[in-house]
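The structure that follows is given in the form of structure tokens.
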Amino acid sequence: MTKNVLSGALTTIVTLVVMFGFAEGVLRLKNSSMKNYDIEMWRYSKELKQPDPELGHDHVRNASSLLQSVDIRTNEYGLRGGSIESEAPGRRILFLGASITLGWGVPEEQTVTALLEKSFREDGQEVEILNAGIGNYNAERYVRRFLRDMRTLHPTDIVVHYFLRDAEELEPGGGNWLLRNSQLAVTMWIAASRLLNRSGENSLVEHYQTVYEESRPGFRSMIEALTRLRDYAEANGIRVYLAMTPDVHNLKDYQFKFVHDRVRALADELGFDYVDLLPSFRGLNQEDIWAMPGDPHPNALGHKLMAESLYPVISRAE
């Protein structure tokens with residue numbers, strides 16, 4: 001009897017493993033089109049990120065990967081783009097931020113940083129603009145990364161490319177072996193998480209109202225990080241801009257102006273030049289601005305609009 005039970009259990013296990021393997025293969029074949037946003041973000045984490053005990057994760061240096069049909073390359077500092085000369089030709093402007101700054105889903109030459117550099121060049125100005133955006137970062141992480149790894153770049157200007165999530169607390173990340181290596185496991189995990197955390201726009205508004213309460217640890221960490229950046233910038237003669245990037249889910253009836261007002265007040269308090277990017281996005285539809293269906297990152301048009309809003313402000317600095 002015991003032998004029959006063990007045999008049956010083994011048969012069941014083997015069958016489940018085979019079925020799982022088959023489903024994994026079918027899913028990988030389907031996702032080879034690079035049109036599944038969640039899987040492409042998962043691939044980004046596997047192919048261009050590495051664990052970092054202090055930051056949670058960082059970019060792999062001198063690497064590249066084709067993600068969502070767009071090539072993303074990193075240089076010796078882990079920034080998006082090519083190698084950096086030790087001495088800047090003139091002004092050196094460093095962008096700090098997360099995946100929007102990185103230009104997720106946008107070709108390198110069409111990102112806000114590349115477009116701004118092109119505008120300066122067309123005006124006959126020697127300005128180098130560096131892109132330190134990295135996915136799943138908040139203000140605490142990108143400021144810490146700059147102060148730890150990028151001070152030797154000696155930027156003359158820093159643009160904090162701020163987004164709503166930059167005051168959120170972030171988990172260390174890493175996940176288990178199955179989630180790191182199986183598209184099927186990731187797909188099932190994401191589906192279950194969304195089912196359990198269904199929320200409409202009102203719930204998202206409530207979420208960010210909580211995030212931006214003064215007592216929240218993430219909010220306090222954000223302020224502390226930007227204060228450290230302010231202190232470093234003042235000590236080293238660096239001008240800092242804070243560009244507030246809107247959420248692009250609903251630009252016709254925008255619900256997060258209260259975050260913009262809070263961030264503007266903070267920028268004024270810290271002495272940062274504030275630029276609100278919301279006016280350049282207002283009235284656009286999702287299909288106009290999303291990188292692709294299901295991916296709420298600004299596309300090439302969004303980056304063009306951001307560059308056009310930022311250039312008049314940054315270019316007039318002495």
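The values are calculated or read from the model by the stated rules, or taken from the named source; none is laboratory data. From a predicted model like this one, the values you see are computed outputs, not experimental measurements. Methodologically, a virtual Cβ is constructed for each residue, glycine included, from the backbone with ideal geometry; neighbour enumeration extends over all protein chains shown.
Could you check, for the stretch 287-304, whether at least one of its residues is in a helix (DSSP H, G or I), over 27 Å from Asn36 (Cα atoms) and either touching a residue at least 12 places away in the same chain (Cβ under 8 Å) or not assigned by TED's automatic domain parsing to the domain that holds Arg239 (or both)? Give the derivation first.
So the first thing to find is which residues in the stretch 287-304 are in a helix (DSSP H, G or I), and the list is 287-289, 300-304.
Retained after the next criterion (residues that are over 27 Å from Asn36 (Cα atoms)): none.
The answer is no; no qualifying residue exists.
Of Val143, Val159, Val106, which residue is among the β-branched types (Val, Ile, Thr), at pLDDT 95 or above, part of a loop (DSSP other than H, G, I, E, B) and closer than 20 Å to Thr245 by Cβ? Can you show your working first?
Numbers: Val143 fails: part of a loop (DSSP other than H, G, I, E, B); Val159 fails: part of a loop (DSSP other than H, G, I, E, B).
Testing whether each residue is among the β-branched types (Val, Ile, Thr), at pLDDT 95 or above, part of a loop (DSSP other than H, G, I, E, B) and closer than 20 Å to Thr245 by Cβ leaves just Val106.
Could I ask something else about it? Select the strands (runs of 3 or more DSSP E) contained entirely in the stretch 36-82, then report the ones holding at least 2 residues which are among the hydroxyl-bearing types (Ser, Thr, Tyr).
On the way: elements: 49-52, 56-59, 64-67, 70-73.
Once the strands (runs of 3 or more DSSP E) in the stretch 36-82 are filtered for at least 2 residues that are among the hydroxyl-bearing types (Ser, Thr, Tyr), what remains is 64-67.
Just name the residue that is farthest from Glu224 (Cα to Cα) out of those in the stretch 252-286 that are of a type outside the set (A, V, I, L, M) and assigned to a strand (DSSP E or B). Before the answer, list the steps.
Step one: list which residues in the stretch 252-286 are of a type outside the set (A, V, I, L, M), which gives 252-258, 260-262, 264, 268-269, 271-274, 276, 279-283, 285-286.
Add one more test, that the residue is assigned to a strand (DSSP E or B), and what stays is 273-274, 276.
Details: Asp273: 18, Tyr274: 18, Asp276: 22 Å.
Of everything passing the filter in the stretch 252-286, Asp276 is farthest from Glu224 (Cα to Cα).
Looking only at the stretch 207-218, count how many residues are closer than 15 Å to Phe256 by Cβ and surrounded by 14 or more Cβ atoms within 10 Å (Cβ to Cβ).
So the count comes out to 3.
Something else about it: With respect to Leu270, determine if the residue is surrounded by 19 or more Cβ atoms within 10 Å (Cβ to Cβ) and within 19 Å of the chain's Cα centre (by Cα).
Details: surrounded by 19 or more Cβ atoms within 10 Å (Cβ to Cβ): yes; within 19 Å of the chain's Cα centre (by Cα): no.
In short, no.
Of the residues Tyr232, Tyr208, only one is closer than 15 Å to Ala167 by Cα, aromatic (Phe, Trp, Tyr) and part of a helix (DSSP H, G or I); which? Steps first, answer last, please.
Values: Tyr232 fails: closer than 15 Å to Ala167 by Cα.
Selected residue: Tyr208, the only one of Tyr232, Tyr208 that is closer than 15 Å to Ala167 by Cα, aromatic (Phe, Trp, Tyr) and part of a helix (DSSP H, G or I).
Are any residues in the stretch 162-185 at pLDDT 95 or above, over 19 Å from Leu270 (Cβ atoms) and in contact with a helix residue (DSSP H, G or I) (Cβ under 6 Å, 6 or more places away or on another chain), and if so, which ones? Explain how you work it out, then say what you get.
Step one: filter the stretch 162-185 for residues at pLDDT 95 or above, giving 162-168.
Those left that are additionally over 19 Å from Leu270 (Cβ atoms): 165, 168.
The answer is Glu168, and nothing else.
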